[in-house]
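Since the structure comes first, as structure tokens, the remarks are kept for the end.
The values are calculated or read from the model by the stated rules, or taken from the named source; none is laboratory data. None of the values given here were measured: they were computed from a predicted structure. Cβ placement follows ideal geometry from the backbone for every residue including glycine, while neighbour counts extend to all protein chains displayed.
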Amino acid sequence: MPRFFVLLCLSIVFASGSQADVWTFETPSENIQCSVGQGAGVSDIFCTIIERRGTPALPRPADCQSDWGHDFLMLNTGPVQMQCGPLNRNRDGYDRAEYGVTGKFGGFVCHSSKKGLECKNEDGHGFFLSRAVQRVF
């Protein structure tokens, strides 16, 4: 059984002349999928909630003419950013983050539970995602 903190390295990308590792994981419902990029001194996590209800965590920007409220981006420091763009409904190729598991990696701590997925960065900024509720803090 894959473990949340032992994520499979799926690909290598090149950023600023140095290598960065990229891992992916999803919740057991397959409704929340995340990619983590870890490089020299900076890391990022990008999570998508495929099916959601309720009000988005942040208001839709006036210039967003695409899907809103599904994509969350966070660096290892600083606030969460929500992304405007077409929703990717692909549910393949992600390691499973079983419920009740906490993972620490790349400046982030994420906890997967039956209530949802919560991730925080080194500054204490983060997000909570579930089908019914999405929030940033």
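Among the residues making up region 18-48, those that are farther than 12 Å from Gln83 by Cα and hydrophobic (A, V, I, L, M, F, W, C) are Ala20, Val22, Trp23, Phe25, Ile32, Cys34, Val36, Ala40, Val42, Ile45. Report yes if some residue within region 124-131 is more than 12 Å from the chain's Cα centre (by Cα) and farther than 18 Å from Ile49 by Cα; otherwise report no. Yes: one or more hits.
Going by what's in this entry, would Lys104 be described as outside any loop (DSSP other than H, G, I, E, B) and crowded, with 18+ Cβ neighbours inside 10 Å? Walk me through it before giving the result.
Details: outside any loop (DSSP other than H, G, I, E, B): yes; crowded, with 18+ Cβ neighbours inside 10 Å: no.
Spelling it out, it is not the case that Lys104 is outside any loop (DSSP other than H, G, I, E, B) and crowded, with 18+ Cβ neighbours inside 10 Å.
Restricting attention to region 70-96, the residues that are outside any strand (DSSP E or B) and either polar (S, T, N, Q) or modelled with pLDDT under 90 (or both) add up to 9.
Hey, can you tell me all the residues within region 114-137 that are under 28 Å from Arg60 (Cβ atoms) and loosely packed, with under 14 Cβ neighbours inside 10 Å? If the condition is that a residue be under 28 Å from Arg60 (Cβ atoms) and loosely packed, with under 14 Cβ neighbours inside 10 Å, then Lys115, Asp123, Gly124, Ala132, Phe137 are the ones that fit. Close contacts from region 64-80, counting a first residue that is closer than 21 Å to Ser130 by Cα and a second that is in a strand (DSSP E or B) and of a type in the set (Val, Ile, Thr), with Cβ to Cβ under 6 Å and a gap of 6+ residues or different chains, come to His70/Thr48; His70/Ile49; Asp71/Thr48; Met74/Ile45; Val80/Val136.
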